Each structure stands twice: as structure tokens, then as C-alpha cells.
Amino acid sequence: MVRALRSRRLRTELRTPLERTEPEPADETGLVSPRPAPPTMSRRGALGMVGLGSAALLVVTAGQSIGGPLRRVALLAPHGGPDPGSGPGGFQINKTAGDVGIRARDIGPQWRLTVRAGTRQIVLTRAQVLALPQHGAWLPIACVEGWSTDDQAWSGVRLADLAALVGLHDSPPGVAVESVQRGGAFRSTVLRDNQVRDSRSLLALRVNGADLTPDHGYPARIIVPANPGVHNTKWVTRLTFGSTL
Ligand SMILES: Nc1nc2c(c(=O)[nH]1)N[C@H]1C(S)=C(S)[C@@H](COP(=O)(O)O)O[C@H]1N2
Ligand SMILES: [Mo]
């Protein structure tokens, strides 16, 4: 095609309608039909179709790479969920609390964190979780749908410290994580032992210097390095160490 187009003047070709479209001359490779049927489309038409199609694809996908407000026009590319607004929680949101049916009372003052291992169990209020040693981690959310955020400054309690609270001091096992969310595939996850042991793996309570927003998982969410976004469970209410659910 390139050779054929280069053998012509583009200007002339763009002025040639279907009636005056000539077939390609036969070539020695046999790729051109020796007895072509009458043309059904001009070269101008073919170029226009490919050109307009490419331009349309550019418009509905480029927003993903350019980012900012243009993300919303990226109809055929991951456009990263609803507008996250600005401030400490102003980074992409996959599902909002409203989207998955989180109710105010699920994440209000009655919220509790249950930490279990075998027969041991402790139940903590948010204030009690905040009173445990708080650690920071700079980590992104990387969604398998094809977007990721910059690193965010998370802070919260190390998963390994929570394991120690129920007696698992050295080499804690993996953990089953459950959300207050009632339905849906993303309401729970299982993290492996090496993820629990990483010092950057947190049950995060705050991000970028403020409490988590409800859409980012308030009162508490998982944040673990190199963990697909979908396993960084939001609105966590129960951690069961040594369980695979
Ligand atoms: N409970 C719960 N946790 C969840 C989800 C969910 O639907 N429910 N979505 C997951 C997905 S797919 C991603 S990419 C991240 C997005 O986190 P963010 O919305 O704070 O950016 O949360 C994860 N945690
Ligand atoms: Mo995701």
C-alpha cells in the first residue's frame, strides 16, 4: 500500500472520485489481481475511512495518556472511575462507597475491626487502631482495568503488627481480609505470608495526611506493595490470619 501510494501524488489521489479510480497495475509478485473487478471504493475513500477512523480512536483514547480532565473523554480506554475531586483523597477511585452499597452506619462510630487467628480474637474501635504504632508507605493503586495512580502517602498499622496482636509474632502467615461490603467479588481478598511480612503492607487509616475518604475505604483499607488494586480491599472490618476464607 505504501509503495502504491508513494507511486502517486497524494493531492491528485485525494481529488480522484470512484468513477476515475484505476486498479493497480499487475506486479510480478502476483499480489495484485490480474483481472480486477470494477472498483467499489476510491483510494480517496479508503484513505478517508482509515484516517477518520484513526482520528476517532485517538480522540476516545488519548485522554487516558494525557490525563486530567481529558480522561473523561477517553470513552474507549480506562477513564479511571468517577471524579475524585481535589485534596488528600484527590486520586482515582475505582468504585465509590455508594456504588457498592456501603451505608453510613457500616463505616460510622459503630464500625469495629476484628482481628482473628485460630481461637484468638480481638475487636478494636478506630480510635484503638489509631493508637497502635502508625507507619507510612508511599504506594500507588494499580488497577487491572489499566490505570494507576502516583504514589500516595498512606499511613496506618503494619499487617505484621496486627498479626502480633493475636499472638503471631514471628513469621506471620497469610491473612483473609473482609470488607463491610455485603456483596460483590471484591469484598474480600487473601494476602500471602510474604505480603503480610512486608513492612510497607498496611491497614491504612489515613492518606496524604488526612483520614481516608469514604470512597477510598474509610475507616480502614489494605495497601500492599505490588498488589493489584483489586486486592487492596477497602472498608475492611475483619482480618483472619492463617485463613484462606
Ligand atoms: N471492598 C472493596 N474494596 C475494593 C474494591 C471494591 O469494589 N470493594 N475495588 C478494588 C479495586 S478494583 C481497586 S483498583 C481499588 C481502587 O482503590 P481506590 O478506589 O481507592 O483508588 O480498590 C479495590 N478495593
Ligand atoms: Mo481495580
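Any idea what angle helix 43-66 forms with the longest principal axis of the chain, computed on alpha-carbon atoms, 0 to 90 degrees, nearest 10?
That helix lies at roughly 20 degrees to the long axis.
From zero up to wherever the largest Cα-Cα distance of segment 2-73 sits, split into 10 Å bins and tell me the percent of pairs in each.
Computed distribution, short to long bins: 16, 34, 23, 16, 9, 1.
Which residue, 223, 107, 122, has the most motion in a Gaussian network model of the chain that connects Cα atoms within less than 10 Å?
Of 223, 107, 122, the Gaussian network model singles out 122 as fluctuating most.
Normalised by the empirical 2.2 N^0.38 Å for globular proteins, what value does the Cα Rg of segment 44-188 take?
Relative to the 2.2 N^0.38 Å estimate, segment 44-188 comes out at 1.47.
What do the square roots of 5 times the Cα gyration tensor eigenvalues come to for the chain, in whole Å, largest first, as semi-axes of the equivalent ellipsoid?
They are 58, 19, 15 Å, listed largest first.
Compute the separation of the alpha-carbon centres of segment 54-98 and segment 172-223 and state it in Å as a whole number.
The distance from the Cα centre of segment 54-98 to that of segment 172-223 comes to 24 Å.
State whether segment 104-241 is rounded, prolate or oblate according to the following rule on the C-alpha gyration tensor (a ≥ b ≥ c being the square roots of its eigenvalues): a/c under 1.5 gives rounded; otherwise a/b larger than b/c gives prolate, and the remaining case gives oblate.
rounded
Each reported figure results from applying straightforward, stated rules to the coordinates on display, with no laboratory input. Bear in mind the structure is a predicted one, so any value in this text is a computation, not a measurement.
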